[in-house]
1. Give a residue-ordered list of calculated ³J(HN,Hα) values for region B:278-287 (Karplus: 6.51 cos²θ - 1.76 cosθ + 1.60, θ = phi - 60°; whole Hz; x for Gly, Pro).
2. Note down the magnitude of the dipole of region B:114-237 about its Cα centre, charges +1 on Lys and Arg C-beta and -1 on Asp and Glu C-beta and zero elsewhere, to the nearest 20 debye.
3. Based only on other Cβ atoms within 10 Å, what is the fewest-to-most ordering of B:95, B:169?
4. Taking the Cα centre as origin and putting +1 on Lys and Arg beta-carbons and -1 on Asp and Glu beta-carbons, what dipole magnitude results for chain A, to the nearest 20 debye?
5. In whole Hz, what ³J(HN,Hα) sequence does region A:65-75 give by Karplus (6.51, -1.76, 1.60; θ = phi - 60°), x for Gly and Pro?
6. From the convex hull of the Cα coordinates of chain B, what is the mean projected area in square nanometres?
7. Using a Förster distance of 25 Å, how high is the FRET efficiency between residue B:96 and residue B:273, based on the Cβ-Cβ distance and rounded to 0.05?
8. Could you work out, residue by residue across B:42-55, how many beta carbons of other chains sit within 10 Å of that residue's beta carbon, and then give the average as an integer?
Amino acid sequence: MTEMVNEQTERERHIRAYGAMILSRTLDRKIITAQRQGRVGFYTPSMGQEAGQIGLSMALDKDDLLFQYYRDVALMIHRGVPIETLINQVMGNKEDLAKGRQMPSHFLAEEQNFMSVQSPVATNLPLAVGAAYAVKYRKEDRIVVASFGEGSSSTPDFHAALNMAAVWNLPIIFFCENNGWAISLPVEKQTKVDIWKKAEAYGIKGLHADGNSIDDSYRVAKEAVEHVRSGKGPVLMEVRFFRMGPHSTSDDPTKYQTDIVKEGDERDPVVINERLFKEKGYLTDEVIERIKAESIRIVNEKFDACEKIEAPAPETMFQDVYEKMPWNISEEMEEIL
Amino acid sequence: MTTMNMVQAINHTLDMKMSADDSVVLLGEDIGVDGGVFRVTEGLQKKYGQERVMDTPLVELGIVGAAIGMAINGLRPVPEIQFQDFIYTAFDQIINQMAKMRYRTAGRLPLPLVLRTPYGGGVRGGIYHSQSGESYFVHTAGLTVVTPSNPYDAKGLLSSSMDMNDPVIFMEPKRLYRAAKAEVPEEDYREEIGKAKLVHEGDKMTIITYGSMVPTVLSTVQKNNLDADVLDLRTLLPIDVDSIEASVKKTGRVMIVHEAPRTLGMGAEISALISERMIEYLYAPIIRVTGPDTPIPYRLEEYYLPNEKRIAEAAEKILNFR
Ligand SMILES: Cc1ncc(C[n+]2csc(CCOP(=O)(O)OP(=O)(O)O)c2C)c(N)n1
């Protein structure tokens, strides 16, 4: 009996994971197309990174705190961020939680414990360290995750964060999403050592997973989470996958990259996990088709609705610089509006 | 003569300098194979090799620090910071090493180095791809800060900057990169550092501006038939106080236009200089038309950037002041 229940929940977990992957992929595709049509200003696709992100998400608890980066759409969707939240951000409309202040892809969803994305890469890492310190200080039952690309591991922020987190023995996972490229720079020119191995230099645990497999990423993320939750200190976890497509909608990868993984390629995580899940009996062709069709329907419907929402009111531009607006900003507001 | 946009003019200047002097090297993120995210260094790695056009790891602090070391040891590096918004992790290297090297070595270790970086808004870049950070650098003794407003000046000013034996922050208004083409001579020429250019002549008012705002000011002046001197500063440090003085003493009315936030922007320093040296020539208070003291929002960017309407309104106010 319990075996049957377990099988059932395993199956449900995998269908949910697959669903998040497809929804994320569908949304990506929609936004990229809309960008080409001039309906969206800019975007950094998450395509190719879905499986690793979802594997991580499956190992986390609802209360865990995330300092994500600009390519974490699958992670956010799997953790229950409504796709309207994402689309409104991309549109920068008045329903956007940050009032259209940031470029597309700079998501915020604090209700689902996602902090705010910044552009200067890796500057979220020291922040995550501070948040993890607060977790420890306040004896909260949660851990902190900071995600970033492998290029970001070259920054001083990366070094500072890992070192401090190690010295303070904090409950934090540094989640490195290695897609092989930092815009045009291949990882071989970024660093001379595997990212996860850098953990040893800081005296923390280093782990790596096949980021193209939800199951493998989950297995390793679970180990990382257990390590961190049991008070043994930080983990640096690296997942590897492929950046499918450009760095951003402003980038032309054909200038520097010959081998670009296309959708449907055998290295596409959708193809890989579909196959694996089918083999394990979690998915059937019928379920796959239903999830795909449903995702397209949901994305189209929500996208159209969000696109109709107007821009934030001009005066909002002057708000939230401070809790109280100082005289100089009120004067400027009066002059400009 | 050929016509070039600013991207082409800068590319052409770098090319010229590199072919003339093999101590000139370039380093930065994505500047080699990719040719730079704005294509400013397009083709240069192919032509001069990876040793002279370096795709660095993602670390601004390292790019700037290493450039300083290269300059100390015989090279003439031209590092690129992809967006000025990302220069701040290198701030310590710029403020505490680059700016102070000549002084702290009594001139024994000069730094022939030009740090290029695109800045400013108008490309829907939101908070982190739009900032105009000139004030941070203009506040720092030991730096020279230059910003062209057109392809011709871009070449002349970059050439002069690369001749210098002092570090230059060369700020490129990214909004103007491809905005206009201009005649740019193929041959070598220089535009003097520290010298403003009178880009429109008039008697009733002086408009002082630079970089991305120059075309906006000029179009406003033309559309409204303003009888104004327009001074394109071109060098922000040191400021060309003589050109300012000559114009202000003639017109007695001053407007300063920049995209950067008002508080402690260039306008503040220029107003102070004018007040100290020629306040008795003024018929009206100095007016600043600038970006507000807020970050630059993504969706509402057009409200942030000074535009023709705001400049024209300010002009009316200045001209009608009695
Ligand atoms: C400090 C800083 N420097 C430069 C940039 C410009 N930039 C944006 S993304 C990027 C590459 C980041 O690569 P990686 O960390 O591997 O993440 P990926 O985009 O590949 O997911 C660069 C250089 C930036 N955002 N921040």
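Nothing in this text is a laboratory measurement; each read-out follows from the coordinates by a stated rule. Keep in mind the model is a prediction, meaning the values are calculated, not measured. All Cβ positions, even for glycine, are placed from backbone atoms using ideal geometry, and neighbour counts span all protein chains on display.
1. With coefficients 6.51, -1.76 and 1.60, one gets 8, 4, 5, 8, 7, 9, 8, x, 6, 10 Hz.
2. It comes to approximately 620 debye.
3. In increasing order of surrounding Cβ atoms, one gets B:95, B:169.
4. Dipole size: approximately 640 debye.
5. 9, 10, 10, 7, 10, 6, 10, 10, 5, 5, 4
6. Value for chain B: 15.9 nm².
7. So the FRET efficiency works out to roughly 0.40.
8. 1
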